[in-house]
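Colleague: One structure, pasted below without further comment.
The values are calculated or read from the model by the stated rules, or taken from the named source; none is laboratory data. Note that the coordinates shown come from a computational prediction; the quantities given were computed from them, not determined experimentally. Cβ placement follows ideal geometry from the backbone for every residue including glycine, while neighbour counts extend to all protein chains displayed. The accessibility values were calculated without ligands, DNA or RNA, using every heavy atom of the protein model including side chains. Shrake-Rupley method; radii C 1.70, N 1.55, O 1.52, S 1.80 Å.
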Amino acid sequence: MSATWQHRLAERGVDRRLWLLLPATIFVLLLFVYPFLYGLSLSFQPLNGGGVLANYNEFFSDAYQRDTIATTLKIALPAALLNVLAAVPIAFRLRGRFRGKRLLTTILVVPITLGTVLTAQGLLNYLGPTGWLNRILLGLHIVDNPIRLTNNYWGVFFSLVITGFPFAFLLVLSYLSGIDPTLERAAATLGASKAQRFRRITLPLLAPGLATTFLLTFVLAFSVFPSAVLVGNPAGSTRVISLAAYQAAYEQYDYSYASAIAMVMGVVELVVVAIVLVWRSRLYTGSTGGKG
Amino acid sequence: MRLRTTPLGWVIWAVVAFFFVNLAGVVLSVLVSSFGRRWFDTWLPNGFTTQWYGEAWREFTLFHVIVVTLLVSALVVVLSVLVGAPAAYVLARKNFPGKRLVYLTFLLPILMPPITYGIPLATVLYKFGFAGHLSGVVLANLVPSVPFVILTMTPFIEQVDPRIEDAARMLGAGTRAVFLKILAPLLVPGLLASAILVLVRTVGMFELTFLTAGPDSQTLVVALYYSMSAAGIRAQQSVDAMAVIYTAMMLVLLVVALRFVNPTQLVARVKEEPSE
């Protein structure tokens, strides 16, 4: 009797090898799902009383807090979009084989190693009022007064481009290399022009990969925190939502309110992710000619 | 194939060049400053010195910080591979009820900003006495690392022909022997790739370490952040020197990584186009 049971389960894919999944499942339940649910329930137990939704009410009725959502999206969406769009033509020119490809790829990827603080220090030094860029612009009489590019929106934006672009480029190049070049050659044989080949063959095959790349760079940009403080204007134009959550937790020691902000942050981010995923699911998702 | 350059191509290369000239300016300004004596309103500092490196080394107890960074990263790499690789094997090989749900649960920590789950996680870790110590930092960093190992290993495992395993089993090899003698050697490239990528990610991970580290368990990124946000107390140049040390360390890791991982084959594995 038990033998047939095991047999039936095995037919559906349940057998002893599933135990291998156990450590990872326990781990993700203990360190991700449980803390998340704990934070969720904590967010409904406001420190100062006032009902289950008091934290959320407080967040959404306070314009200083509520506006952090728009501030974050205003920084993260354009930065992620620019990184992906800039990566496409560059990756496009770097696919295939040619001399110096490895060197060029390496140069484009190296900024990953810079880290937030070196980027921040560099932006402050280089773009600051007495930095090299302003010196050059003043020297060439392009501007009369030093332009302000740090301690505001642009400082954070540049820092996100510097750290996000290499990452986006690497992913796009990887997706692009996965597209079988013979497909394009076949189209060329049938008389398709270069633009037609890009629009009708490469772009549709690349689009799901672009969506994924956009998502991952968006997640990076959305959680921007150190650079918003270091090169931004953390009290004003770059007061992002992660900063609001951090201040609630570690400056006011109100973990309940901080959890509520973290939940709002997660929901806003997941809404963007969901929109992109829905759009992506309507694209072609089959083989791109590459091997698995 | 040679690089054929069209007018559009020139525009693209010009934009890339412009980006890199400015990026070089950003990096060089830190490098020059870290060796500079006094640098106010001039093109270059009025003298060069290496004193800031010595000062950064002593003031920020960099030796201790680097030991912590390497220890945390090594522990995270070993643990996430040990936990992640078997799960990747099951997800690559088998279909079972609830697979999509399991997959989504593993995907979420990568799709969520670290601060979102980091704050509740830090609260829980404080409750159980892990946060503020090395163990808390390691546990927090495992949250995105284990899923990352699973996602990078799965395609590598899918490439191994299951018939090799079946053949070994038919010849009498047990599960343990199949794993150690057949799968492990074939998966060395995949294991290395995911291990190195996790290493680079962990050394650079700011948010989770920041939320869970105590004074003795800071990694280099977090120590750097504190030294810079407490500006005015310490010379800016020693922060610059420290940032240069961090970047040098990351650069070594990246160069090692690029030796083992072909960056163009991260998500799709194809043979390179033969040269024409």
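Colleague: In region B:55-65, which residue that is open to solvent by less than 30 Å² (accessible area, probe 1.4 Å) and assigned to a helix (DSSP H, G or I) is modelled with the lowest pLDDT?
Modeller: Checked region B:55-65; the qualifying residue modelled with the lowest pLDDT is B:ALA56.
Yes/no per residue for (1) at the interface with another protein chain (Cβ under 10 Å from one of its Cβ atoms); (2) under 21 Å from the mean Cα position of the chain (by Cα); (3) modelled with pLDDT of 90 or more:
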residue: A:VAL229; (1), (2), (3): yes, yes, no
residue: A:GLU251; (1), (2), (3): no, no, no
residue: A:MET263; (1), (2), (3): yes, yes, yes
residue: A:LEU270; (1), (2), (3): yes, yes, yes
residue: A:LEU277; (1), (2), (3): yes, yes, no
residue: A:GLY286; (1), (2), (3): no, no, no
residue: A:GLY290; (1), (2), (3): yes, no, no
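Colleague: Take region B:215-236 and flag every residue that is away from chain A (no Cβ under 13 Å) and open to solvent by less than 20 Å² (accessible area, probe 1.4 Å).
Modeller: B:SER217
Colleague: When you scan region A:93-113, do you find a residue that is at the interface with chain B (Cβ under 7 Å from one of its Cβ atoms) and more than 30 Å from B:THR6 (Cα to Cα), even just one?
Modeller: yes
Colleague: Scan region B:91-100 and give yes if some residue there is modelled with pLDDT of 85 or more and of a type in the set (A, V, I, L, M), otherwise no.
Modeller: yes
Colleague: Follow-up question, since we're still on this one. Which of the residues belonging to region B:66-111 are farther than 30 Å from A:TYR250 by Cα, open to solvent by 50 Å² or more (accessible area, probe 1.4 Å) and hydrophobic (A, V, I, L, M, F, W, C)?
Modeller: Selection gives B:VAL78, B:LEU82, B:LEU101, B:LEU104.
Colleague: Starting from region B:167-193, keep only residues that are more than 14 Å from B:ALA88 (Cα to Cα), then list their pairs with residues that are hydrophobic (A, V, I, L, M, F, W, C) and modelled with pLDDT of 85 or more whose Cβ atoms are within a distance under 8 Å, requiring at least 6 positions of separation or different chains.
Modeller: Matching pairs, first to second residue: B:ALA177/B:ALA168; B:VAL178/B:ALA168; B:LYS181/B:ALA168; B:ILE182/B:ILE164; B:ILE182/B:ALA168; B:LEU186/B:ILE164.
Colleague: On to the next question. In region A:178-197, what count of residues is obtained for those that are within 26 Å of the chain's Cα centre (by Cα) and open to solvent by 30 Å² or more (accessible area, probe 1.4 Å)?
Modeller: Adding up the residues that qualify gives 0.
Colleague: Starting from residues that are at pLDDT below 80 and open to solvent by 10 Å² or more (accessible area, probe 1.4 Å), keep the ones in region B:237-263 and report whichever is farthest from A:LEU104 (Cα to Cα).
Modeller: B:PHE260
Colleague: Of the residues A:VAL240, A:VAL271, A:VAL224, only one is free of Cβ contacts under 8 Å to residues at least 60 places away in the same chain and over 28 Å from A:PHE98 (Cβ atoms); which?
Modeller: When all the criteria are applied, what remains is A:VAL271.
Colleague: Residues that are away from chain A (no Cβ under 11 Å) and of a type in the set (A, V, I, L, M): which helices (runs of 4 or more DSSP H) entirely in region B:71-164 hold 2 or more of them?
Modeller: Of the helices (runs of 4 or more DSSP H) lying wholly inside region B:71-164, those with at least 2 residues that are away from chain A (no Cβ under 11 Å) and of a type in the set (A, V, I, L, M) span B:134-159.
Colleague: Still on this structure, I have one more. Just one of A:THR213, A:THR238, A:THR202, A:THR217 is open to solvent by less than 10 Å² (accessible area, probe 1.4 Å) and not in a helix (DSSP H, G or I); which is it?
Modeller: A:THR238
Colleague: Which of (1) at pLDDT 85 or above; (2) within 16 Å of the chain's Cα centre (by Cα); (3) within 10 Å of another protein chain (Cβ to nearest Cβ) is the odd one out, the single condition B:THR209 does not satisfy?
Modeller: With (1) at pLDDT 85 or above; (2) within 16 Å of the chain's Cα centre (by Cα); (3) within 10 Å of another protein chain (Cβ to nearest Cβ) applied to B:THR209, the lone miss is (3).
Colleague: Look through region B:112-134, keep the residues that are under 23 Å from A:VAL240 (Cβ atoms) and β-branched (Val, Ile, Thr), and return whichever of them is surrounded by the fewest Cβ atoms within 10 Å (Cβ to Cβ).
Modeller: Filtering first and then ranking leaves B:THR123.
Colleague: Now for a separate question. Can you pull out the residues in region B:33-52 that are facing another protein chain (nearest Cβ under 8 Å) and either crowded, with 18+ Cβ neighbours inside 10 Å or among the aromatic types (Phe, Trp, Tyr) (or both)?
Modeller: Of everything in region B:33-52, those that are facing another protein chain (nearest Cβ under 8 Å) and either crowded, with 18+ Cβ neighbours inside 10 Å or among the aromatic types (Phe, Trp, Tyr) (or both) turn out to be B:SER33, B:PHE40, B:TRP43.
Colleague: Report, by residue number, each residue of region A:164-174 that is open to solvent by 10 Å² or more (accessible area, probe 1.4 Å), at the interface with another protein chain (Cβ under 8 Å from one of its Cβ atoms) and either touching a Ser or Thr at 6+ places or on another chain (Cβ under 7 Å) or polar (S, T, N, Q) (or both).
Modeller: A:LEU171
Colleague: Mind checking whether some residue in region B:168-177 is basic (Lys, Arg), in a helix (DSSP H, G or I) and farther than 26 Å from B:ILE115 by Cβ?
Modeller: Yes, region B:168-177 contains at least one residue that is basic (Lys, Arg), in a helix (DSSP H, G or I) and farther than 26 Å from B:ILE115 by Cβ.
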